[in-house]
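Report on the structure given below.
The values are calculated or read from the model by the stated rules, or taken from the named source; none is laboratory data. Model, not experiment: these values are computed from the prediction. Here the Cβ positions follow ideal geometry from the backbone for every residue, glycine too, while neighbour counts run over all protein chains shown. Keep in mind that these areas ignore ligands, DNA and RNA; they rest on the heavy atoms of the full protein, side chains included. Shrake-Rupley method; radii C 1.70, N 1.55, O 1.52, S 1.80 Å.
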Amino acid sequence: MRLALIGHGKMGRAVAALAAERGYQIVTVVTGAENLGGRALTAERLNGAEVAVEFTGPRAAVANLLRLAELGIPTVTGTTGWMSELPLVAAAVTAHHSALLFSPNFSLGVQLFLRAARDLAARFAGHPEFDAWIAEAHHAAKADAPSGTAKRLQELVRKTDPARAFPVSSLRAGHIPGTHTIGYDAPHETIRLTHEARGREAFAAGALAAAEWIRGREGVFTFEQMLFGDEQ
């Protein structure tokens, strides 16, 4: 598979390393400094890429995704903080018969954690003696807070248990790859469910699996749809 990597930060480098190990051909790596407003994303630069993998920042993502849609290149993005512009991006993908797969987190473990958290929320619904909360921690350079995964977690558990607010607290420090916890606390006991990433390899593996899956498809998809189909 011929890949274009858009963004060369921590996640971009992790994807590049794993792609090289697996024998994928990386046709280009586009860095943020050269790509203001998506200007570096040309057909010539992308050099016949079958799929683009985009990990940049919320300010850059929308321009990148619109440009990649125009070029008809199926794209996998793990950038967070741009979801308010999803209708605009989705319309461009549809208009150009392209494809987009997006997720705040490409770890299979996280996706299973989200489902477990939703099931846990259903068990605690109707038990007001427990106060509920969400906490997440990431490295100091992460731009958005709360994380996209924490927002998705909050969305799922609020839908399951609308009586609770599930407030989110965020920590940005050091080199933490990513930790997410949902907790329930009563006067004499505490329950916590936690996913802790020990590195970025799991996210990179998920992004490459998504790139394989989206090749040859049209439309807008989530990582959850790829993994679980229509299962709710």
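Structure data summary
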{"quantity": "Test for PHE221: is it within 30 Å of GLY48 (Cα to Cα) and either open to solvent by 70 Å² or more (accessible area, probe 1.4 Å) or assigned to a strand (DSSP E or B) (or both)", "calculated": "yes"}
{"quantity": "Output for the stretch 173-232, where each listed residue is acidic (Asp, Glu) and at pLDDT 95 or above", "calculated": "ASP185, GLU189, GLU196, GLU212, GLU218"}
{"quantity": "Whichever residue in the stretch 182-201 is in contact with a Leu (Cβ under 7 Å, 6 or more places away or on another chain) and not acidic (Asp, Glu) and, among such residues, is surrounded by the fewest Cβ atoms within 10 Å (Cβ to Cβ)", "calculated": "LEU193"}
{"quantity": "Filtered residues of the stretch 70-107 (kept if open to solvent by 30 Å² or more (accessible area, probe 1.4 Å), touching a helix residue (DSSP H, G or I) at 6+ places or on another chain (Cβ under 6 Å) and farther than 17 Å from GLU50 by Cβ)", "calculated": "GLY81, GLU85, PRO104"}
{"quantity": "Looking only at the stretch 19-58, and only at residues there that are in contact with a Pro (Cβ under 8 Å, 6 or more places away or on another chain) and in a strand (DSSP E or B), the one that is surrounded by the most Cβ atoms within 10 Å (Cβ to Cβ)", "calculated": "ALA52"}
{"quantity": "Unique residue being outside any strand (DSSP E or B), among the basic types (Lys, Arg), open to solvent by 30 Å² or more (accessible area, probe 1.4 Å) and over 30 Å from HIS175 (Cα atoms) when the list is ARG13, ARG67", "calculated": "ARG67"}
{"quantity": "Options THR222, THR149, THR160, THR181; residue that is of a type in the set (Ser, Thr, Tyr), closer than 19 Å to SER107 by Cβ and touching a helix residue (DSSP H, G or I) at 6+ places or on another chain (Cβ under 8 Å)", "calculated": "THR149"}
{"quantity": "Residue among GLY174, GLY199 that alone is out of contact with any Lys or Arg (no Cβ under 6 Å at 6 or more places or on another chain) and either more than 30 Å from MET1 (Cα to Cα) or assigned to a strand (DSSP E or B) (or both)", "calculated": "GLY174"}
{"quantity": "Residue count for the stretch 126-144, restricted to those that are modelled with pLDDT under 95 and crowded, with 16+ Cβ neighbours inside 10 Å", "calculated": "2"}
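Matching residues to (1) modelled with pLDDT under 95; (2) part of a loop (DSSP other than H, G, I, E, B); (3) under 17 Å from GLY148 (Cα atoms):
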{"residue": "GLY81", "(1), (2), (3)": "yes, yes, yes"}
{"residue": "ALA92", "(1), (2), (3)": "no, no, no"}
{"residue": "PRO104", "(1), (2), (3)": "yes, yes, yes"}
{"residue": "LEU114", "(1), (2), (3)": "no, no, yes"}
